[in-house]
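Below you'll find the structure, written out as structure tokens, and then a few comments.
The values are calculated or read from the model by the stated rules, or taken from the named source; none is laboratory data. From a predicted model like this one, the values you see are computed outputs, not experimental measurements. No Cβ is skipped: glycine too gets one built from the backbone with ideal geometry, and neighbour counts run over all protein chains shown. Ligands, DNA and RNA are stripped out before the accessible areas are found, and what is left, the full protein with its side chains, is counted by its heavy atoms. Shrake-Rupley method; radii C 1.70, N 1.55, O 1.52, S 1.80 Å.
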Amino acid sequence: MAERRAAVTTAAEPNFLQFNDLACEAVGGKVIFATDEWFAPAANLLKREPPQFIPSAFTEFGKWMDGWETRRKRTTDKPPTFSLDGDRTGMAASDIQLAAVAKLGSEVWPELVCVSELKPGYSDCCHNHFKVNFNHRVTHLRLNMHPDGGIARLRAYGVGQRDWSSVSSHQYVDLVALTNGGVCLGYSDAHFGHPRNMIGLGQAVNMADGWETARRLDRPKHLKVDQRGILQVPGSEWAVFRLGHPGVISSVEVDTNHFKGNFPDSCRIEVCSLTAEEEAQCIRSRWNSGKWRVLLSPQKLHPHHRHLYNQSKLTLSSPVTHVRLIISPDGGVSRLRLWGRPTANQNIPASKL
């Protein structure tokens with residue numbers, strides 16, 4: 001991604017960018033084949049971090065690029081390069097490898113995005129967004145580049161799907177996890193890290209792998225606390241999630257791992273049950289409407305700490321579909337886990353974004 005002096009006003013970002021990046025290496029995404037990787041390997045496409053551009057960096061194959069870049073095509077056919085894990089910069093595939101990948105039949109896969117123009121890689125116009133109208137579950141993607149060139153990152157935003165028929169109603173699962181179909185539908189602020197990071201896999205690797213808001217400027221000059229030590233401040237920040245399946249939440253985990261000088265003072269959790277139509281209305285109102293009920297009353301948080309709240313701390317035991325994590329006054333949370341049992345209700349709302 002290169003810089004240029006002339007700034008161009010960018011359009012508002014599409015709402016689907018708050019969905020999960022299902023292709024990211026952090027959630028198990030892998031590149032299993034690439035036709036050419038002369039300048040930079042296709043595995044870079046799925047990196048979690050934003051791409052870097054270092055003007056002075058070169059390799060024996062040419063300019064070093066933090067993305068996928070092919071050589072300039074000079075042949076009519078026969079893809080020259082294969083990649084299966086690892087850095088294969090400048091390498092070419094054998095006929096046997098090409099024949100093996102041909103068995104996937106990827107050239108006849110349904111088209112998600114038609115041939116579309118891409119803008120150049122300047123920082124003010126390098127993000128190209130395309131909405132997909134394909135309502136079927138997919139497990140693999142094929143990215144076609146015409147005719148050659150370079151792409152820094154590929155993000156595939158969507159909602160995970162799990163076969164809930166294999167999950168017993170007595171089995172405890174993380175109902176909001178990305179891998180179970182949880183998804184962020186709205187938030188008040190995401191200055192340093194997006195709230196969808198909180199439902200990612202495993203522990204956060206650093207602060208950037210969590211949700212962190214900007215500092216609020218409406219705090220009073222003199223801070224006061226209640227009898228539980230919770231700051232009495234007017235401001236708060238929030239993030240809303242749809243569960244992967246309606247269920248009864250029986251325990252909660254709020255992890256502030258890595259957030260040592262910027263953890264929230266306190267948090268609380270609210271829940272509700274919404275139909276698809278009610279969800280759409282809430283999205284349009286930026287979640288100023290809804291039937292919110294308190295699941296977890298305000299709790300004092302600590303830095304770099306895994307907070308666990310069992311059923312005795314929770315005030316509800318009925319099925320819900322949506323949750324709202326509220327932190328006060330601001331700060332960062334690395335992971336949110338909502339353990340519970342899926343209910344028999346299969347009418348999971350579909351997002352209207």
Residues of segment 1-35 being in contact with a strand residue (DSSP E or B) (Cβ under 9 Å, 6 or more places away or on another chain), within 18 Å of residue 70 (Cα to Cα) and at pLDDT 85 or above, which ones? 31, 34
Tell me, which residue of segment 258-296 that is farther than 15 Å from residue 321 by Cα and among the aromatic types (Phe, Trp, Tyr) is most open to solvent (accessible area, probe 1.4 Å)? 263
Within the set of pairs 6 or more residues apart or between chains, which connect a residue that is touching a residue at least 12 places away in the same chain (Cβ under 8 Å) inside segment 201-219 to a residue that is of a type in the set (Phe, Trp, Tyr) and surrounded by 17 or more Cβ atoms within 10 Å (Cβ to Cβ) with Cβ atoms less than 8 Å apart? 207/259; 210/259; 211/187; 212/259
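If we keep just the residues of segment 135-165 that are within 25 Å of residue 64 (Cβ to Cβ) and within 17 Å of the chain's Cα centre (by Cα), which is surrounded by the fewest Cβ atoms within 10 Å (Cβ to Cβ)?
In the first step, residues of segment 135-165 are kept if they are within 25 Å of residue 64 (Cβ to Cβ); the result is 143-155.
Remaining after also requiring within 17 Å of the chain's Cα centre (by Cα): 153-155.
Details: 153: 21, 154: 19, 155: 15.
Filtering segment 135-165 for residues that are within 25 Å of residue 64 (Cβ to Cβ) and within 17 Å of the chain's Cα centre (by Cα), the one surrounded by the fewest Cβ atoms within 10 Å (Cβ to Cβ) comes out as 155.
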Does residue 45 satisfy being in contact with a Leu (Cβ under 7 Å, 6 or more places away or on another chain) and at pLDDT 85 or above? yes
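Please state which one of 239, 208 is under 24 Å from residue 155 (Cα atoms) and either in a helix (DSSP H, G or I) or at pLDDT below 95 (or both).
Working: 239 fails: either in a helix (DSSP H, G or I) or at pLDDT below 95 (or both).
The unique qualifying residue is 208.
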Where residues in segment 166-195 are farther than 28 Å from residue 44 by Cβ and aromatic (Phe, Trp, Tyr), which of them is most open to solvent (accessible area, probe 1.4 Å)? 172
Scan segment 305-341 for residues that are buried (at least 22 other Cβ atoms within 10 Å of the Cβ), of a type outside the set (D, E, K, R) and either at pLDDT below 95 or part of a loop (DSSP other than H, G, I, E, B) (or both) and jot them down. 331, 334
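Just checking, which of 225, 233 is without any contact (Cβ under 8 Å) to a residue 40 or more places away in the chain and either more than 14 Å from residue 298 (Cα to Cα) or open to solvent by 20 Å² or more (accessible area, probe 1.4 Å) (or both)? Give the derivation first.
Working: 233 fails: without any contact (Cβ under 8 Å) to a residue 40 or more places away in the chain.
Every option except 225 fails the conditions.
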